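To start, the structure itself, in structure tokens.
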Amino acid sequence: MVGLTDSSKTLIKDIGTGKQQLVEIAKALAKNARLLILDEPTSSLNETDSRALLDLMKKLQKEQGMTMIIISHKLNEVSYVADKITVVRDGSTIETIDARGQEISEARIIKGMVGREITDRFPKRHDVPIGDVMMEVKNWTVFHPEFAERKVVDDVSINVRRGEVVGIYGLMGAGRTELAMSIFGRSYGIGISGSLVLKGQPVYLTSPKQAIAAGLAYVTEDRKGNGLVLSNSIKTNTTLANLKAISKATFIDKDKEYMVADEYKQKLRTKTPSVEQLVGNLSGGNQQKVLLAKWMFADPDVLILDEPTRGIDVGAKYEIYCIINDLAKAGKSVIMISSELPEVIGMSDRIYIMNQAKIVGEMKASEATQENIMACIVKSGSEA
């Protein structure tokens, strides 16, 4: 019903975040509920799977009379599926829009969410020179850690230059996260082969610790599970990837740690009364800012962002985009993995398209449209 094709005996830990989301939705549907509340149900799904789920919701409503509340930051989905749209900001109801019999634009919803018009959802980068190649991956192949005969990355070659934002787009299961994690100190996969060149020098990284020391950082798509220690403070999380910068011998300088965390709090406009606040008490957008602060403080040359705006609102997304632009302006190289096509097109200088573990296309963002990117994926699938 939800589009899962894996064996029912597959362990949940062995499937990706997107498929885990589908299992969670299937579990809810199996209860034959009359009222179904879905909190960010499509946050881990690509456009195709998201649309299939929304069509399923409409079908359940029409055929079974099921009532549904969907909480989402994906405005096109809210416009597509909702009869009524309630905008909540800072813990209060701002307005409720009746969407029956009329099409509510994304701009109309955004105005309610942020309290003003946003004319350009993706801020432009001006006068950012693109320099030499900072990282090059050649003929990179990775096998699944549980199913050793299955390639999750198949002979992939990519590069990113100084001051450049490179997008990687693909459908769920295309191998984007597996590629990023395997590059970051081989933190995913087995039987990894291929070469990695950083700043013109071949490197062989066997752990995240080595990757960080080499100037590489990876912002995970799963901020709560793998990115942050929710039971620790903002202060602790911010400095975790670069402890030597706030330490004397083996002792942490608590004053310096506080100053660093407070500096990033102000720089990224993190909404919190204090950097002593536990990260678990923050909103998703502010948790994402703490995760970005952690890796910015590590001062990497290459930053891999895996779904950096997943599950956060439009206002927070815009702030994250501005941070990405600032990183590029500072001469960093950014690789951005995203399931949202408009985001990839709007933020990237160049885009790689992945499908079935391979790179199936590369194009400049100025030449990219949603139609030709999806056509590239469909064509590669029919040839396979």
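The values are calculated or read from the model by the stated rules, or taken from the named source; none is laboratory data. Computed from a prediction, not measured in an experiment: that's the story for all the values here. In this analysis, Cβ positions are derived from the backbone assuming ideal geometry, glycine residues included, and neighbour counts consider all displayed protein chains. Side chains included, ligands, DNA and RNA excluded: accessible areas come from the protein's heavy atoms. Shrake-Rupley method; radii C 1.70, N 1.55, O 1.52, S 1.80 Å.
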Tell me, what HN-Hα J-couplings in whole Hz come from the Karplus equation 6.51 cos²θ - 1.76 cosθ + 1.60 at θ = phi - 60° for each residue of segment 341-357, using x for Gly and Pro? 4, x, 5, 4, 5, x, 10, 9, 8, 8, 10, 9, 10, 10, 7, 6, 6
Taking amide H positions as placed 1.01 Å from N in the peptide plane, with prolines and chain starts having none, which residues 5 or more places from I304, or on another chain, fall under 5 Å of its amide H? A217, Y218, V219, I335
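Give me the percent of the accessible area of segment 1-119 that comes from carbon and sulfur atoms, probe 1.4 Å, all protein chains in place.
Numbers: 3550 of 7350 Å².
Here carbon and sulfur together make up 48 percent of the probe-accessible area.
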Test of understanding: in a Gaussian network model of the chain with alpha carbons linked when under 10 Å, which of N237, N325, N372 would top the mean-square fluctuation ranking? N372
Which lysines, if any, have their Cα less than 29 Å from the Cα of K9, not counting same-chain residues under 8 positions apart? K19, K27, K31, K59, K151, K224, K358
Which whole-angstrom value gives the distance between the alpha carbon centres of segment 56-100 and segment 327-356? 30 Å
Net charge around I12, counting only other residues with Cβ within less than 13 Å of its Cβ (Lys, Arg = +1; Asp, Glu = -1)? 0
Can you pull out the trypsin sites (Lys or Arg not before Pro) in segment 138-183 whose DSSP state is coil and whose Cβ has at most 15 other Cβ atoms within 10 Å? R150
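Please give me the summed charge of the neighbours of E307: other residues whose Cβ is under 11 Å from its Cβ, Lys and Arg +1, Asp and Glu -1.
Values: positive: R176, R223, R310; negative: E221, D222, D306, E340, E343.
After counting each charged neighbour, the total is -2.
Size of the dipole of segment 1-139 about the Cα centre, Lys and Arg at +1 and Asp and Glu at -1 on the beta carbon, nothing else charged, in debye to 20? Show your work: numbers first, answer last.
Working: 21 positive and 21 negative charges, 86 e Å.
Dipole of segment 1-139, to the nearest 20 debye: 420 debye.
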How large is ³J(HN,Hα), in whole Hz, for each residue of segment 7-23 in order, when computed from phi with the Karplus curve 6.51 cos²θ - 1.76 cosθ + 1.60 and θ = phi - 60°, using x for Gly and Pro? 4, 5, 8, 5, 6, 4, 5, 9, 10, x, 4, x, 6, 4, 4, 5, 4
Keeping all protein chains in position, work out how much accessible area Y218 exposes to a 1.4 Å probe, and write it in Å² to the nearest 10. 20 Å²
Length-normalised contact order for the chain - Cα pairs under 8 Å, 6+ apart - percent: 18 percent
Can you find, among I37, V166, A213, the residue farthest towards the positive end of the dipole of the chain? Put +1 on the C-beta of Lys and Arg, -1 on that of Asp and Glu. A213
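Return the carbon/sulfur percentage of the accessible area of segment 150-217, one whole number, probe 1.4 Å, all protein chains in place. The partial results should precede the final answer.
Numbers: 1380 of 2710 Å².
Using a 1.4 Å probe with all protein chains present, segment 150-217 comes out at 51 percent carbon and sulfur.
Which value, in debye to the nearest 20, gives the size of the charge dipole of the chain about its Cα centre, when Lys and Arg are +1 and Asp and Glu are -1 at the Cβ?
Values: 50 positive and 49 negative charges, 125 e Å.
With Lys and Arg at +1 and Asp and Glu at -1, about 600 debye.
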With equal scatterers on the alpha carbons only and no solvent term, can you work out the Debye log10 of I(q)/I(0) for segment 159-287 at 0.09, 0.10, 0.12 1/Å? -0.34, -0.42, -0.61
Towards the positive end of the charge dipole of the chain, with charges on Cβ (+1 Lys, Arg; -1 Asp, Glu), say which of A365, T250, H73 has the farthest Cα. T250
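Express in % the proportion of alpha carbon pairs of the chain at distances exceeding 28 Å.
Working: 35896 of 73536 pairs.
Result: 49 percent of Cα pairs exceed 28 Å.
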Segment 293-384, relative contact order in percent, only Cα pairs under 8 angstrom and at least six apart counted: 22 percent
Net charge near K84: determine it from the other residues with C-beta under 10 Å of the C-beta of K84, scoring Lys and Arg +1 and Asp and Glu -1. -1
Compare S339, S233, S92 in a GNM of the chain, Cα atoms joined below 10 Å, and give the one with the largest fluctuation. S92
With the other protein chains left in place, how much accessible area per residue, in square angstrom, belongs to segment 298-351 at a 1.4 angstrom probe? 23 Å²
Report the charge-dipole magnitude of segment 62-183 in Debye, nearest 20, computed about the Cα centre from +1 at each Lys and Arg Cβ and -1 at each Asp and Glu Cβ. 260 debye
Skip the ligands, DNA and RNA, and give the accessible area per residue of segment 73-187 with a 1.4 Å probe, whole Å². 51 Å²
Under 5 Å, built H, 5+ apart or other chain: amide partners of L38: I69, I70, I71
What list of ³J(HN,Hα) couplings, whole Hz, do you get for segment 307-323 from phi and the Karplus terms 6.51, -1.76, 1.60, once you set θ to phi - 60° and write x for glycine and proline? 6, x, 10, 5, x, 10, 7, 4, x, 5, 4, 4, 5, 5, 4, 5, 5
Specify the inter-centroid distance of segment 225-287 and segment 130-194, based on alpha-carbon positions, in whole Å. 29 Å
How high is the relative contact order of segment 1-128, given as a whole-number percent (alpha carbon pairs under 8 Å, six or more residues apart)? 17 percent
Amide hydrogen neighbours beyond the local backbone of V153, cut-off 5 Å, H modeled: V142
Using the Cα centre of the chain as origin and beta-carbon charges of +1 (Lys, Arg) and -1 (Asp, Glu), tell me which of G175, W140, A26 is placed farthest towards the positive end of the dipole. A26
